[in-house]
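The values are calculated or read from the model by the stated rules, or taken from the named source; none is laboratory data. In this text, all values refer to a predicted model and were calculated from it rather than measured experimentally. For neighbour counting, all protein chains shown are included, and Cβ atoms are generated from backbone atoms with ideal geometry for every residue, glycine included. Only protein heavy atoms, including side chains, enter the accessible area calculation; ligands, DNA and RNA are left aside. Shrake-Rupley method; radii C 1.70, N 1.55, O 1.52, S 1.80 Å.
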Amino acid sequence: MVGGSLVNRLVESCEQMGFGGEIWPVNPDRDRLAGLRCFPDLRALPSPPDAAFLAVNRGRTIEAVATLADMGAGSAVCYASLFAEQGEDGAAHQRRLVEAAGEMPILGPNCYGLVNAVDRVALWPDLLGCEPVSEGVALISQSGNVGMNLSFQSRQLAVSHLVTVGNQAVVGIEDLMEEMLEDRRVRGIGLFLEAVRDPARFLVMARRALAARVPVVALMVGRSRRGAEIARSHTASISGMTQAYRALFDRGGVISVDTIPGLLETLGVLVGVGPLRGNRIVSMSCSGGEASHVADLSEGTSLEFTPFPPGQAARVERILEGRVKVGNPLDYHTFIWDDRARLEQLFGEVTSGPQDATMLVLDLPDREGDFSAFWKTAEAMVTARSRSERPALVVSGLPESLSASLARELAAAGVTPVRGIAEALAGLDAAVRWGEAVHCEPSVSPAVVPPPGGCTVHLDEAGAKARLGEWGVAVPRGRVAPSGGVEEAAEEIGYPVTIKVLGIDHKTESGGVRVGIRTPADLRLVLAEMSERYEGPFLVEETVGGVVAELLVSVRRQWPVGWLVTVGAGGILTELVDDFVHFLAPVGPREVRAGFGKLKVGRLLAGYRGAPAADLGACAAAIGALVDGVLGDGDVVEVEVNPLLATASGAVAADALLSVTG
């Protein structure tokens with residue numbers, strides 16, 4: 001441990017974890033640190049260390065890494081900052097650090113270090129909430145402070161490893177995931193991420209975790225600095241790095257969450273219940289208000305609270321003496337509240353049903369007083385779970401109403417404790433998605449996207465549609481004409497026609513488009529009005545009829561993750577309705593059609609209130625042709641079709657924006 005007063009804290013962390021090996025402080029100005037003999041420099045050590053923690057400044061860190069690598073040391077943690085996170089000067093220092101390390105793995109720089117709670121090792125320079133365990137979940141964080149805060153969690157979640165990665169100059173998240181997946185004591189992996197260094201390798205590790213049924217839960221924070229690079233498209237405001245990462249996670253079976261409590265609780269649920277084969281859930285509580293709250297919070301999830309089968313419903317009703325209307329979520333009232341035998345009978349009957357998981361809503365006060373009835377309820381659920389093969393959860397409405405000691409007791413008995421009803425439902429929903437990912441065929445790897453560089457050239461609509469036509473995407477028949485040639489072009493194409501001004505984006509808002517012009521007289525009136533503001537040229541096209549729904553489809557570079565494909569509500573609904581799904585290219589027709597089912601506009605596509613249904617096969621084929629065209633064309637930066645007109649017999653790109661490298 002190289003440094004000054006911080007070494008005292010490092011030694012305390014090792015002692016707290018019960019580390020039994022040798023600790024060698026290194027400081028040229030001290031005889032002793034933390035009660036241990038100090039060595040004047042690294043060369044004075046008895047042998048090359050297995051691991052070193054470098055709590056010195058940037059320059060001395062580079063020197064120490066070079067010395068350790070030359071000595072044949074095992075590894076080093078680099079605590080110092082002012083490296084790549086501080087601009088080009090810092091990046092230059094980070095390159096020198098990497099060169100100094102050679103083949104020696106280093107963690108950081110700009111990181112807090114690591115804790116291995118199963119082997120009782122802590123290279124950690126601050127307060128630490130971890131304790132020795134025999135197995136648990138690995139938490140990997142790009143933020144040192146968040147990592148420390150995660151160690152303070154008092155949930156049932158046993159933490160086997162806590163690692164902060166900082167700048168990932170040498171050892172990255174993917175390396176750590178690989179190590180964790182080789183350790184059978186690691187039952188799940190939680191990630192707090194700002195970026196993924198190597199998306200392709202990350203996906204390989206995610207799939208390996210999926211095959212091993214080790215859940216991976218990720219909280220991605222931050223926004224892309226390049227998110228507004230192509231601000232001319234609608235897509236720039238609705239999709240970016242966050243959506244690209246979510247699409248990457250979906251492809252690898254990684255569960256995305258939005259909050260730190262969600263990260264911990266979802267990880268706990270997945271470890272506790274495993275991948276669910278279905279989405280049928282039963283909820284029990286002694287309060288109608290809680291039952292209604294569960295039902296309300298389940299909206300927007302894939303969970304189904306299906307009614308009890310008739311025979312089971314009758315048995316539940318007899319146990320409750322006909323005083324309760326049997327439903328799901330079940331309010332079993334309070335008249336059996338202190339009756340342990342009746343509670344066990346009820347919970348045993350309910351948990352024996354065909355559902356995929358059962359949850360009991362129960363808040364238990366953690367204070368002095370006679371709360372034996374609360375404990376009887378929890379114990380009755382434990383007994384019921386011991387006689388059932390299906391997962392069971394005890395869920396508190398308030399996080400403080402489920403103590404750490406009770407959570408540990410429940411988990412040890414095979415009942416998954418969860419703090420928060422919303423968190424429990426989100427965790428169960430994640431378990432359903434994880435189950436689907438576990439049992440589905442592996443998807444293909446994302447296409448490689450080139451790094452940003454060079455200038456961007458925007459094609460006009462006619463040029464964009466010409467490129468789309470080459471890719472096999474249907475576009476309306478049309479011609480570019482000056483104002484004096486618009487009538488001739490319309491006669492050639494055939495009425496009704498649509499007229500557009502070339503050279504401007506978002507034509508609807510600026511009055512640059514008129515749709516469905518039916519006669520030459522109407523065309524002359526429209527042209528006269530538009531010519532007052534625009535000189536032309538104009539694009540004259542056939543008007544597509546029989547439109548069932550309008551879609552937005554885009555494919556754009558989202559370096560370094562891949563080509564982000566966005567599909568959603570198009571036309572005037574694009575900015576009014578948040579209705580999009582995202583994929584990483586390449587994407588197959590089955591995946592696209594499944595995406596349609598997740599959209600609000602999907603109800604229109606399927607035929608809403610007796611209206612004709614769209615040709616979903618043609619829509620998926622058009623999207624596939626667009627994606628394949630982009631991947632096969634080396635200069636595309638982004639293409640957006642809005643709208644893609646879905647009809648009962650086809651799909652036509654009515655408008656398009658296309659940006660290419662200059």
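Taking the criterion of being open to solvent by 20 Å² or more (accessible area, probe 1.4 Å), aliphatic (A, V, I, L, M), in contact with a strand residue (DSSP E or B) (Cβ under 8 Å, 6 or more places away or on another chain) and assigned to a strand (DSSP E or B), would at least one residue in segment 547-568 satisfy it? Write out each step before concluding.
First, the residues of segment 547-568 that are open to solvent by 20 Å² or more (accessible area, probe 1.4 Å): 547-548, 550, 557, 559-560.
Remaining after also requiring aliphatic (A, V, I, L, M): 547-548.
If we keep only those that are in contact with a strand residue (DSSP E or B) (Cβ under 8 Å, 6 or more places away or on another chain) as well, we get 547-548.
Still in the list and also assigned to a strand (DSSP E or B): 547-548.
The answer is yes, given that some residue of segment 547-568 is open to solvent by 20 Å² or more (accessible area, probe 1.4 Å), aliphatic (A, V, I, L, M), in contact with a strand residue (DSSP E or B) (Cβ under 8 Å, 6 or more places away or on another chain) and assigned to a strand (DSSP E or B).
I need a count of the residues in segment 375-414 that are over 21 Å from THR266 (Cα atoms), outside any loop (DSSP other than H, G, I, E, B) and open to solvent by 50 Å² or more (accessible area, probe 1.4 Å).
Total satisfying the criteria: 4.
Can you tell me which residue within segment 142-155, out of those that are open to solvent by 40 Å² or more (accessible area, probe 1.4 Å), part of a loop (DSSP other than H, G, I, E, B) and not charged (D, E, K, R), is nearest to ARG120 (Cα to Cα)? Spell out the reasoning first.
Within segment 142-155, the subset open to solvent by 40 Å² or more (accessible area, probe 1.4 Å) is 145, 149, 152, 154-155.
Going one step further and asking which of them are part of a loop (DSSP other than H, G, I, E, B), we end up with 152, 154-155.
Filter once more, so that each one left must be not charged (D, E, K, R): 152, 154.
On the way: PHE152: 17, SER154: 19 Å.
Ranking the qualifying residues of segment 142-155, first place goes to PHE152.
So is LEU139 in a loop (DSSP other than H, G, I, E, B), open to solvent by less than 40 Å² (accessible area, probe 1.4 Å), under 22 Å from PRO417 (Cα atoms) and in contact with a Gly (Cβ under 7 Å, 6 or more places away or on another chain) or not?
Numbers: in a loop (DSSP other than H, G, I, E, B): no; open to solvent by less than 40 Å² (accessible area, probe 1.4 Å): yes; under 22 Å from PRO417 (Cα atoms): yes; in contact with a Gly (Cβ under 7 Å, 6 or more places away or on another chain): yes.
No.
Could you please let me know if THR498 is farther than 28 Å from THR456 by Cα and touching a residue at least 12 places away in the same chain (Cβ under 8 Å)? Don't jump to the end; show me each part of the working.
Details: farther than 28 Å from THR456 by Cα: yes; touching a residue at least 12 places away in the same chain (Cβ under 8 Å): yes.
In short, yes.
Of ALA73, ALA91, ALA64, which residue is outside any helix (DSSP H, G or I) and either open to solvent by less than 20 Å² (accessible area, probe 1.4 Å) or touching a helix residue (DSSP H, G or I) at 6+ places or on another chain (Cβ under 8 Å) (or both)? If you could, list the steps in order and put the result at the bottom.
Working: ALA91 fails: outside any helix (DSSP H, G or I); ALA64 fails: outside any helix (DSSP H, G or I).
Exactly one of ALA73, ALA91, ALA64 is outside any helix (DSSP H, G or I) and either open to solvent by less than 20 Å² (accessible area, probe 1.4 Å) or touching a helix residue (DSSP H, G or I) at 6+ places or on another chain (Cβ under 8 Å) (or both), namely ALA73.
Under 8 Å between Cβ atoms, which residue pairs at least 6 apart in sequence (or on different chains) link something in segment 542-562 that is within 15 Å of VAL660 (Cα to Cα) and hydroxyl-bearing (Ser, Thr, Tyr) with a partner that is open to solvent by 30 Å² or more (accessible area, probe 1.4 Å) and at pLDDT 95 or above?
none
Give ALA625, ALA614, ALA618 a once-over and let me know the one that is surrounded by 14 or more Cβ atoms within 10 Å (Cβ to Cβ), assigned to a loop (DSSP other than H, G, I, E, B) and modelled with pLDDT of 95 or more. Outline the logic, then answer.
Values: ALA625 fails: assigned to a loop (DSSP other than H, G, I, E, B); ALA618 fails: assigned to a loop (DSSP other than H, G, I, E, B).
Within the list ALA625, ALA614, ALA618, the selection yields ALA614.
Check off (1) under 28 Å from the mean Cα position of the chain (by Cα); (2) more than 28 Å from THR259 (Cβ to Cβ) for CYS38 and give me the number that stays unchecked.
Of (1) under 28 Å from the mean Cα position of the chain (by Cα); (2) more than 28 Å from THR259 (Cβ to Cβ), only one is false for CYS38: (1).
Please go through segment 324-348 and pick out each residue that is closer than 19 Å to THR416 by Cα, within 38 Å of the chain's Cα centre (by Cα) and either without any contact (Cβ under 8 Å) to a residue 12 or more places away in the chain or open to solvent by 10 Å² or more (accessible area, probe 1.4 Å) (or both).
Matches in segment 324-348: PRO329, GLY348.
Determine whether ARG225 is surrounded by fewer than 21 Cβ atoms within 10 Å (Cβ to Cβ), modelled with pLDDT of 95 or more and not in a strand (DSSP E or B).
Numbers: surrounded by fewer than 21 Cβ atoms within 10 Å (Cβ to Cβ): yes; modelled with pLDDT of 95 or more: no; not in a strand (DSSP E or B): yes.
Here the answer is no, as ARG225 does not meet what is asked.
Go through segment 570-596 residue by residue and tally those that are open to solvent by less than 20 Å² (accessible area, probe 1.4 Å), in contact (Cβ under 8 Å) with a residue 40 or more places away in the chain and part of a helix (DSSP H, G or I).
Here the count works out to 0.
Suppose the filter is in contact (Cβ under 8 Å) with a residue 12 or more places away in the chain and surrounded by fewer than 21 Cβ atoms within 10 Å (Cβ to Cβ); does ASP296 pass it? Walk me through how you get there before you give the answer.
Details: in contact (Cβ under 8 Å) with a residue 12 or more places away in the chain: no; surrounded by fewer than 21 Cβ atoms within 10 Å (Cβ to Cβ): yes.
It is false that ASP296 is in contact (Cβ under 8 Å) with a residue 12 or more places away in the chain and surrounded by fewer than 21 Cβ atoms within 10 Å (Cβ to Cβ).
Residue by residue, here is whether (1) under 23 Å from the mean Cα position of the chain (by Cα); (2) open to solvent by less than 20 Å² (accessible area, probe 1.4 Å); (3) at pLDDT 95 or above holds:
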position: ILE421; (1), (2), (3): yes, yes, yes
position: ALA447; (1), (2), (3): yes, no, no
position: GLY454; (1), (2), (3): no, no, no
position: HIS458; (1), (2), (3): no, no, no
position: ALA474; (1), (2), (3): no, no, yes
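Restricting attention to segment 487-525, which residues are open to solvent by less than 30 Å² (accessible area, probe 1.4 Å), in a helix (DSSP H, G or I) and under 20 Å from GLY571 (Cβ atoms)?
The answer is LYS507, and nothing else.
Are any of the residues in segment 20-39 in contact (Cβ under 8 Å) with a residue 60 or more places away in the chain, open to solvent by 40 Å² or more (accessible area, probe 1.4 Å), in contact with a Ser or Thr (Cβ under 7 Å, 6 or more places away or on another chain) and on the phi < 0 side of the Ramachandran plot?
Checked segment 20-39: no residue is in contact (Cβ under 8 Å) with a residue 60 or more places away in the chain, open to solvent by 40 Å² or more (accessible area, probe 1.4 Å), in contact with a Ser or Thr (Cβ under 7 Å, 6 or more places away or on another chain) and on the phi < 0 side of the Ramachandran plot.
Does VAL98 satisfy the criteria of being in a loop (DSSP other than H, G, I, E, B), out of contact with any helix residue (DSSP H, G or I) (no Cβ under 6 Å at 6 or more places or on another chain) and hydrophobic (A, V, I, L, M, F, W, C)?
On the way: in a loop (DSSP other than H, G, I, E, B): no; out of contact with any helix residue (DSSP H, G or I) (no Cβ under 6 Å at 6 or more places or on another chain): yes; hydrophobic (A, V, I, L, M, F, W, C): yes.
It is false that VAL98 is in a loop (DSSP other than H, G, I, E, B), out of contact with any helix residue (DSSP H, G or I) (no Cβ under 6 Å at 6 or more places or on another chain) and hydrophobic (A, V, I, L, M, F, W, C).
Looking at (1) free of Cβ contacts under 8 Å to residues at least 60 places away in the same chain; (2) touching a Leu at 6+ places or on another chain (Cβ under 9 Å), which is the one condition that is false for ALA314?
(2)
Mind listing just one residue for me: the one in segment 416-469 that is outside any loop (DSSP other than H, G, I, E, B) and among the acidic types (Asp, Glu) and, of those, farthest from ALA211 (Cα to Cα)?
GLU461
Hey, among the residues in segment 526-543 that are more than 43 Å from the chain's Cα centre (by Cα) and in a strand (DSSP E or B), which one's surrounded by the fewest Cβ atoms within 10 Å (Cβ to Cβ)? Write out each step before concluding.
Kept after step one, since they are more than 43 Å from the chain's Cα centre (by Cα), are these residues of segment 526-543: 526-538, 540.
From what is left, the residues that are in a strand (DSSP E or B) are 538, 540.
On the way: PHE538: 25, VAL540: 27.
The residue in question is PHE538.
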